[in-house]
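One structure is given below, encoded as structure tokens.
The values are calculated or read from the model by the stated rules, or taken from the named source; none is laboratory data. Because the structure is a prediction, the values reported are computed rather than measured. Glycine gets a Cβ as well: all are built from the backbone with ideal geometry, and neighbour counts include every protein chain shown. For accessibility, only protein heavy atoms count, side chains too; no ligands or nucleic acids. Shrake-Rupley method; radii C 1.70, N 1.55, O 1.52, S 1.80 Å.
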Amino acid sequence: MNSTHRATKLLSAAAIGLMGSLAWAGPITTAGQAAVLDIREAGSQSLRITLRPFEFKGEFPEGPVLPKREYPSPALSLRYLKMPANAEVAGLMVDVQTDPLRIVVSRKDGSVVQSLTFGETGEIAFTLDDQPVLGLGEGGPSPAQGVDWHTAPVEFDRRGHLDPMEPHWGRGAYGSRNPVALLAGTGGWGLYFNFPWGQVDLSQLRVGRYIPIKPIDPTRARQTFGNQGQQLGKGLPPPASFVPGLVDLFVFDARDPAVFMKDVATISGPAVMPPKWALGYMQSHRTLENDAQMLGIIDTFRAKRLPIDAVIYLGTGFTPRGWNKQQPSFDFNPAVFKNDPAKVLESMHQRNVKVALHMVPWDRDRLPTLQGSIPPAAGEAVDASHIAEYWKQHVALVKTGVDAWWPDEGDWFDLFERFKRHQLYYEGPISTQPDRRPWSLHRNGHLGIARWGGWMWSGDTDSSWKTLETQIAVGINHSLSVGPYWGTDLGGFFSSPELTGELYARWFQFAAFCPSFRAHGRTWMMRLPWSWGMDKLGPVEDEVKGSSGPPLLSELNNAAIEPIVRRYDELRYQLLSYNYTLAWQARDTGVPFMRALWLHYPNDPKARGIGNEYLWGRDLLIAPVFENGATTRELYLPEGTWYDWWSGKKGTGGMITRGVDLATMPIYVRAGAIIPIDPIRQYTAEKSKDPLTIRIYRGADGDYTLYEDDGESLAYLHGDAVQTHFQWDDKAAVLTIGRHKESPAATVQGTRMLRIEILPEGKTKNVELSDETAKLDFSHE
């Protein structure tokens, strides 16, 4: 077949119709090679642009981020271009120009979503407007940027510098950096570059750039890319996703952020539902005395009526006496477990807590490159590198009673292995306990891990007020560009004299409104809710070089902290049904728990750039207090009517100053909100005779769907769930309630009692809910 005939065969019908006889003039090239440009639909308002050298075999780059799925045929498939080509793709208008290659994506009203210019070296220039750019993964400035986090403003808006996009273990205020080349332009656009070896330059006012880089120094390559980078640095064959000139990117119309988030979830895979217990409080432990102490701490939680759902134990080596022998090890530490570990764990289960164990990669750098799936797929080589083989070493611990995992470290893993590790701790537990949802907590991740559970924490941060402030912005950006399941070491990991009862209480308040609600840190007993009322610090660990020391003894004997902590611990459990529905919303719509104000108020210029407060779901606004000795908190309420959660006082949108004492973190509720309020439980599975309260905040019409399933099995994947829809007509003061099953096989709960509460009037009514639609009239009450 001659080259002319071959080119004709590869042109799409759409491209032939658009360009006709001019299709032969002006070849499309990349990295000095003849190339093909494909543009196709990716989501409801997004498209995928692939520019690949002619010799590249395959339709898309290979990589772990995007699950395999069928994409539509290209609306445009071009190899030659002299005159502009155009087409409509996913409701967007696409214009392709050449010399240089340029793609303009517009809406039907003529407004431009993005303009992309492709350089021959693989660099891609894109348009920046004057609005904040969010996303770009977890963490703040890279160490390579030379930012002093002690003095620099908190980074929320990502504009203003070149980001080397280097993943790294980190401490300080921002913690670990897990970069993701997903940009959320609050002016109404989004970009995702599906080839992680590159830098994002947002240092200029009007033009951003994505700059592919090829590592040549083995040391830097190892730091940046893990094992894959080490191979590139040694001159070994690069992976498919590092073919020079190969470009794969997504353009999103983000004028409606909800559509943007749904399209991101569509390309990266839907989040799986967590076990319900994972939304409860978790207490981490470090230096252990013995199993009696471990059980005694759980008993103290129960005696003090402090709700808790899980205990987490660190491994030996990371602390002098952990749950196991010297890490990495799968054997219980006989110096700690004086009794049979299975009986100890059973005693914990009888106290209604789950048990999670800290692990590090077996044999560390000697661990072969992780590969495979569980169960192994046809053709996979099941050897020491296969995740099914590695999982086998965990099975005895599962049979002993271990419920969940904390796979620490792995910072040296490349992107492929990081995904494999998430997959390992999702598929592995299911292979051993087939109808039980797994849970694991990781320090490394990327967009797409939510389909394997994908829980992350922000790494080993310092205990400081600046850290608490930065973590708000870190959590929001993580939620936009990595996944919905995120949290911090409550109180900060590296203790310091800044760690006081006040800082601990403020951090606890914030953590109660993070998906992962977990306390952990050095000098670990100061992370126990009652610790600030004690007169001793407990085991004081040697801090790393540069740390300023443990908390001050003068801060102890503070009886005021425990009641404040209990208040927010209980509030977390009162919002259990609300929070569990947020997990379902993350799966169903792609919208996370922690939401930038921009997600629901995209037309509010003020809201777009605010990174020190956030929405918890659609209806609650959370404004953490992060200043030492604060008596007021300045915050912004978007347009509309808002209720103060604590006082019930109504207010309107705008900047406000809210007085605060140590017991108060400002929380506001949107008028029209319908909020389920659970009875206070001591653990998520505790039965209660009290009804679920449905609280309605008047002032606007309301619409809310409550999601419920069994909270522990995989039956939800087959539709075994019930949704209850509430619709509030504010003018008529009528509430309509209807319940439906996701599938005919769904388990129906039967008749249940609900308590309806109308605010601000305080009217209440009990209703017995069945499968029939109910209408409640509050106009005459």
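Strands (runs of 3 or more DSSP E) fully within the stretch 716-781 that include at least 2 residues being on the phi < 0 side of the Ramachandran plot, touching a strand residue (DSSP E or B) at 6+ places or on another chain (Cβ under 8 Å) and modelled with pLDDT of 95 or more: 722-729, 734-741, 752-759. Counting only residues that are in a loop (DSSP other than H, G, I, E, B) and either modelled with pLDDT under 95 or among the charged types (D, E, K, R) (or both), the stretch 288-324 holds 9 of them. How many residues are farther than 18 Å from Val94 by Cβ and open to solvent by 10 Å² or more (accessible area, probe 1.4 Å) when one looks only at the stretch 27-59? Going through the stretch 27-59 one residue at a time, the tally reaches 12. Cβ-Cβ contacts under 9 Å between residues 6 or more apart (or on different chains), taken from a first residue in the stretch 323-335 that is over 18 Å from Asn290 (Cβ atoms) to a second residue that is among the acidic types (Asp, Glu), are listed as Gln327/Asp408; Pro328/Asp363.
Checking each residue of the stretch 565-572 against the condition of being closer than 22 Å to Leu706 by Cβ, of a type in the set (Lys, Arg), open to solvent by less than 20 Å² (accessible area, probe 1.4 Å) and out of contact with any His (no Cβ under 7 Å at 6 or more places or on another chain) gives at least one match. Of the residues making up the stretch 459-486, just one is surrounded by fewer than 24 Cβ atoms within 10 Å (Cβ to Cβ) and under 23 Å from Ile312 (Cα atoms), namely Asp460.
For the residues Thr693, Thr684, Thr664, the requirement of being open to solvent by less than 30 Å² (accessible area, probe 1.4 Å), part of a loop (DSSP other than H, G, I, E, B), among the hydroxyl-bearing types (Ser, Thr, Tyr) and over 21 Å from Arg587 (Cβ atoms) singles out Thr664.
Within the stretch 639-655, one or more residues are surrounded by 21 or more Cβ atoms within 10 Å (Cβ to Cβ) and in a strand (DSSP E or B). The set of residues from the stretch 33-84 being assigned to a loop (DSSP other than H, G, I, E, B), more than 19 Å from Phe195 (Cα to Cα) and more than 27 Å from the chain's Cα centre (by Cα) comprises Pro72, Ser73, Pro74, Ala75, Arg79, Leu81, Lys82, Met83, Pro84. Within the stretch 108-117, is even one residue open to solvent by 30 Å² or more (accessible area, probe 1.4 Å), assigned to a loop (DSSP other than H, G, I, E, B), touching a strand residue (DSSP E or B) at 6+ places or on another chain (Cβ under 9 Å) and among the hydrophobic types (A, V, I, L, M, F, W, C)? Looking through the stretch 108-117, none of the residues is open to solvent by 30 Å² or more (accessible area, probe 1.4 Å), assigned to a loop (DSSP other than H, G, I, E, B), touching a strand residue (DSSP E or B) at 6+ places or on another chain (Cβ under 9 Å) and among the hydrophobic types (A, V, I, L, M, F, W, C).
For the stretch 168-193, filtered to residues that are closer than 20 Å to Gln45 by Cβ and surrounded by fewer than 24 Cβ atoms within 10 Å (Cβ to Cβ), the residue that is nearest to the chain's Cα centre (by Cα) is Phe193.
A quick yes/no check of all residues on (1) open to solvent by less than 10 Å² (accessible area, probe 1.4 Å); (2) more than 18 Å from Gly483 (Cβ to Cβ); (3) not aliphatic (A, V, I, L, M):
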{"site": "Ala396", "(1), (2), (3)": "no, yes, no"}
{"site": "Lys399", "(1), (2), (3)": "no, yes, yes"}
{"site": "Val402", "(1), (2), (3)": "yes, yes, no"}
{"site": "Trp405", "(1), (2), (3)": "yes, no, yes"}
{"site": "Trp412", "(1), (2), (3)": "no, yes, yes"}
{"site": "Tyr425", "(1), (2), (3)": "yes, no, yes"}
{"site": "Asp435", "(1), (2), (3)": "no, yes, yes"}
{"site": "Pro438", "(1), (2), (3)": "no, no, yes"}
{"site": "Leu441", "(1), (2), (3)": "yes, no, no"}
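Yes or no, residue by residue, for (1) in contact (Cβ under 8 Å) with a residue 60 or more places away in the chain; (2) in contact with a strand residue (DSSP E or B) (Cβ under 9 Å, 6 or more places away or on another chain):
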site: Trp584; (1), (2): yes, yes
site: Asp588; (1), (2): yes, yes
site: Leu597; (1), (2): no, yes
site: Pro605; (1), (2): yes, no
site: Gly617; (1), (2): no, yes
site: Ile622; (1), (2): yes, yes
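Being under 30 Å from Tyr426 (Cα atoms), under 28 Å from the mean Cα position of the chain (by Cα) and at pLDDT 95 or above is a property that Ala673 lacks.
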